[in-house]
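Read through the structure below, which is laid out as structure tokens, and then see the notes.
The values are calculated or read from the model by the stated rules, or taken from the named source; none is laboratory data. Keep in mind that this is a model prediction, so the values were computed, not measured. Note: ideal-geometry Cβ built from the backbone for every residue, glycine included; neighbour counts use all protein chains shown.
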Amino acid sequence: MGDDLTHLDRRGRARMVDVGDKGESERVAVARGQVAMRPETLARIVGESADKGDVLAAARIAGIQAAKRTHELIPLCHAIRITSVKVELEPDEAGSRLRISATARAVDRTGVEMEALTAVSVAALTVYDMLKAVDREMTIGEIALHEKRGGKSGDFVRA
């Protein structure tokens, strides 16, 4: 990996990268994050007793929708042909947190890392929104790319 900042021109001005000459290939990215909360808040998720409804279903749908709209949210991000987005939410009662994972897939000229990261971020924000009335101290964190496959830069797996 080089140190080139591809979103800047020679004068340091922002620009959208031209991917027109790149070949299409299958792209996959996996991102993960979490929402830490009080045990009684997590119990509402697990017991499906949140006042606003099914937190896991709402967060899953929000994450998928966000991945599809990433190019509208992130400046200079390309609109890509997403073929699949999977958002998984797993309660971790011992750690009093909800683990979130998103896998985005596309066949295109540029990667889907931002789509996976956006899916996790918005799923986490949705969890917070649905439960903030009972736990304003929840924290969203550790959002990171864990795996990426495809494209010129090759594969990446977080150690």
Count - residues of segment 136-154 that are closer than 24 Å to M37 by Cβ and among the acidic types (D, E): 2
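For every residue, the table says whether it meets (1) within 20 Å of V157 (Cβ to Cβ); (2) surrounded by fewer than 24 Cβ atoms within 10 Å (Cβ to Cβ); (3) at pLDDT below 95; (4) out of contact with any Ser or Thr (no Cβ under 6 Å at 6 or more places or on another chain).
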site: S96; (1), (2), (3), (4): no, yes, no, yes
site: R99; (1), (2), (3), (4): yes, yes, no, yes
site: A116; (1), (2), (3), (4): yes, no, no, yes
site: L125; (1), (2), (3), (4): no, yes, no, yes
site: L131; (1), (2), (3), (4): no, yes, no, no
Residues within segment 133-155 that are touching a residue at least 24 places away in the same chain (Cβ under 8 Å), of a type in the set (K, R) and surrounded by fewer than 17 Cβ atoms within 10 Å (Cβ to Cβ), tallied: 1
Hits in segment 1-44 (condition: at pLDDT 70 or above, small (G, A, S) and either surrounded by 13 or more Cβ atoms within 10 Å (Cβ to Cβ) or under 19 Å from R105 (Cα atoms) (or both)): S25, A29, A31, G33, A36, A43
Neighbours by Cβ (under 6 Å, 6+ apart or cross-chain): first from segment 40-66, touching a residue at least 60 places away in the same chain (Cβ under 8 Å); second of a type in the set (S, T, Y) and assigned to a helix (DSSP H, G or I): A58/T126; A59/T126; A62/T126
Spans of strands (runs of 3 or more DSSP E) in segment 69-159 with at least 1 residues on the phi > 0 side of the Ramachandran plot: 139-149
Of all residues in segment 45-89 being surrounded by fewer than 17 Cβ atoms within 10 Å (Cβ to Cβ), under 18 Å from S121 (Cα atoms) and of a type in the set (A, V, I, L, M), the one that is modelled with the lowest pLDDT: I74
